[in-house]
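The structure under discussion appears below in the form of structure tokens.
The values are calculated or read from the model by the stated rules, or taken from the named source; none is laboratory data. For clarity, every value in this text was computed on a predicted model and none was experimentally measured. Cβ placement follows ideal geometry from the backbone for every residue including glycine, while neighbour counts extend to all protein chains displayed. Each accessible area value is taken on the protein alone, full model and side chains, heavy atoms only, with ligands, DNA and RNA left out. Shrake-Rupley method; radii C 1.70, N 1.55, O 1.52, S 1.80 Å.
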Amino acid sequence: MRKALRWLLSLVVLIGTVSAAGATAGAATAAEPTAGTDIKDQILAIEGMSLIEEKPYPGYRYFVLNYTQPVDHRHPGKGTFKQRITLLHKDTSRPTVFFTSGYNVSTTPRRSEPTAIIDGNQVSLEYRFFTPSRPDPANWSKLDIWQAASDQHRVFKALKKIYTKKWLATGASKGGMTATYFERHYPRDMDGVVAYVAPNDVVNKEDSAYDRFFENVGTKECRDKLNAVQREALVRREPLEAKYQAAATAEGYTFKTVGNLDKAYEAVVLDYVWAFWQYSKLADCGSIPAAATASDQEIYDSVDAISGFSAYTDQGLETYTPYYYQAGTELGSPDIKQPHLNGLTRYGYQPPRNFVPRDIPMRFNPWVMRDVDTWVRHNANQMLFVYGQNDPWGAEQFRPGRGTHDSHVYVAPGANHGANVAALVPDQKAAATAAILNWAGVAPAAVQQDEAKAKPLTRYDAKLDKRDIEREPALRP
């Protein structure tokens, strides 16, 4: 359900002794680094690590790798799969950032904000079950947050022998969730966590926080304008669905998973307001057409540009099957009230089950997110959560409690789902930057004495620090 900004990267490792049958995916071992040994040779000396390709980038070495993982970390002898990793190598004397998107991994050199702040190395891991990092055959019961955290743990243990300095975990959206879950299950691995715009859906059936958000976000003028277009798209369902059918025929889109074009059309329209606030700014309201006088084509084009009519086609859903599976088994998903659409909707906000092929069994486990939330409230140490004021996903946040140590929650004013440290108000920006530098063990003396002097240790690189924005389902984190 959704159009989205794509971040990608993450990695991990598990301690394990296995029988000969499971030796390939057993204990993560690396040869002790030898002075003068090329970094590529050191990495490939890790059991189960193989090179896909090396790409040049000034000032770095960049590797795309495969790492052999157990399908089930509780039973490592029962099959393995190859999980993609990328490594942006700066120097083994620098700290390392473990970046994850919670989705596919990008194979283009990219640097997360914490990596730029600390001038470090970056390891990025593809989330299990996102192709090609999917076991074959795929036992979907092995796709859960503990198994994914164990993937990261195992990668970390393997690479820590080479990258011996401090490590930070980071990620945005589902990547921020993933970094948090990793910390919950392996709290001794990382020296700090920077989680951006990470939703915290503790009780899946309680979504009133989202309703309150949409009653107050932005300005009334903008809210009314968006609601009017969304309503008009349902009032004009027949002619607009004809346009959708023509586009589907031209593009070869099918609707087997969701059921039919009508269900897909309504799902896209119901995402419209959420998707706008997730990825647009208040100033973008000026580009929204006036519903009362807009042509059918203007309404159609606005919904397509913001929600994306390809999102609920079989072709649009296929990549995100692992996400919808997790949303329907552990993560939860929002179900908001939209009173301005009363009498016009046929299906309402559809559950994740509708977006996963029926031959994949699903059952929701309500205790999983409660466990993570409880752990964060009582045990979060050196964790930083950054949210955007106008981002719907920030309506339900992680909240470290009084007993936690050196953990912070900051909200960037006017920011959307792309909120980051750079978007914070000056004093919070300095405090967050200082915390990241301190946790990584690279804070200059001046910063240790006065956090107001904190700033990134590297300059902005237009290519390396570029954020990849791609059309994805709008209502996914």
Handout entry: Boolean, His408 is at pLDDT 95 or above, open to solvent by 30 Å² or more (accessible area, probe 1.4 Å) and within 23 Å of Ala148 (Cα to Cα)
Key = no
Fill in the blank from the handout: Those residues of region 279-297 which are open to solvent by 30 Å² or more (accessible area, probe 1.4 Å), farther than 23 Å from Tyr210 by Cα and either touching a residue at least 24 places away in the same chain (Cβ under 8 Å) or touching a His at 6+ places or on another chain (Cβ under 9 Å) (or both) amount to Ala290, Ala292, Asp296, Gln297
Completion exercise
Within region 443-475, restricting to residues that are open to solvent by less than 40 Å² (accessible area, probe 1.4 Å), part of a loop (DSSP other than H, G, I, E, B) and touching an Asp or Glu at 6+ places or on another chain (Cβ under 7 Å), the one that is modelled with the highest pLDDT is Thr458
Exercise for the section: Look through region 371-402, keep the residues that are over 20 Å from Asp189 (Cα atoms) and surrounded by fewer than 14 Cβ atoms within 10 Å (Cβ to Cβ), and return whichever of them is modelled with the highest pLDDT. Expected result: Gly401
Practice task
Within region 218-241, track down each residue that is in contact with an Asp or Glu (Cβ under 9 Å, 6 or more places away or on another chain) and open to solvent by 30 Å² or more (accessible area, probe 1.4 Å).
Solution key: Arg223, Arg236, Pro239, Glu241
Practice task
Might you check whether a residue that is of a type in the set (Gly, Ala, Ser), within 25 Å of the chain's Cα centre (by Cα) and in a helix (DSSP H, G or I) occurs anywhere in region 279-293?
Solution key: no
Completion exercise
The correct count of residues that are aliphatic (A, V, I, L, M), surrounded by 13 or more Cβ atoms within 10 Å (Cβ to Cβ) and more than 29 Å from the chain's Cα centre (by Cα) in region 243-278 is 1
Handout entry: Residue that is most open to solvent (accessible area, probe 1.4 Å), among those in region 307-366 that are closer than 21 Å to Pro477 by Cβ and of a type in the set (Asp, Glu)
Key = Glu318
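This table checks each residue for (1) in contact (Cβ under 8 Å) with a residue 24 or more places away in the chain; (2) touching a Gly at 6+ places or on another chain (Cβ under 8 Å); (3) not aliphatic (A, V, I, L, M).
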| site | (1), (2), (3) |
| --- | --- |
| Asp41 | no, no, yes |
| Leu44 | no, no, no |
| Gly59 | yes, no, yes |
| Lys78 | yes, yes, yes |
| Leu88 | yes, no, no |
| Thr92 | yes, no, yes |
| Thr96 | yes, yes, yes |
Problem - In region 61-100, the residues that are open to solvent by 10 Å² or more (accessible area, probe 1.4 Å), in a strand (DSSP E or B) and in contact with an Asp or Glu (Cβ under 6 Å, 6 or more places away or on another chain) - result: Arg84
Practice task
Determine whether Thr115 is in contact (Cβ under 8 Å) with a residue 24 or more places away in the chain, crowded, with 16+ Cβ neighbours inside 10 Å and in a helix (DSSP H, G or I).
Solution key: yes
Handout entry: Residue selected from region 313-347 under the condition in a helix (DSSP H, G or I) and of a type in the set (Gly, Ala, Ser), by the criterion nearest to the chain's Cα centre (by Cα)
Key = Ala327
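Listed here are the residues, each with its yes/no results for (1) at pLDDT 95 or above; (2) out of contact with any Lys or Arg (no Cβ under 7 Å at 6 or more places or on another chain).
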{"residue": "Val12", "(1), (2)": "no, no"}
{"residue": "Gly26", "(1), (2)": "no, yes"}
{"residue": "Thr29", "(1), (2)": "no, yes"}
{"residue": "Thr34", "(1), (2)": "no, yes"}
{"residue": "Glu47", "(1), (2)": "yes, yes"}
{"residue": "Thr68", "(1), (2)": "yes, no"}
{"residue": "Arg74", "(1), (2)": "yes, yes"}
Exercise for the section: For region 391-405, indicate whether the set of residues that are within 14 Å of Val217 (Cα to Cα) and not in a helix (DSSP H, G or I) is non-empty. Expected result: yes
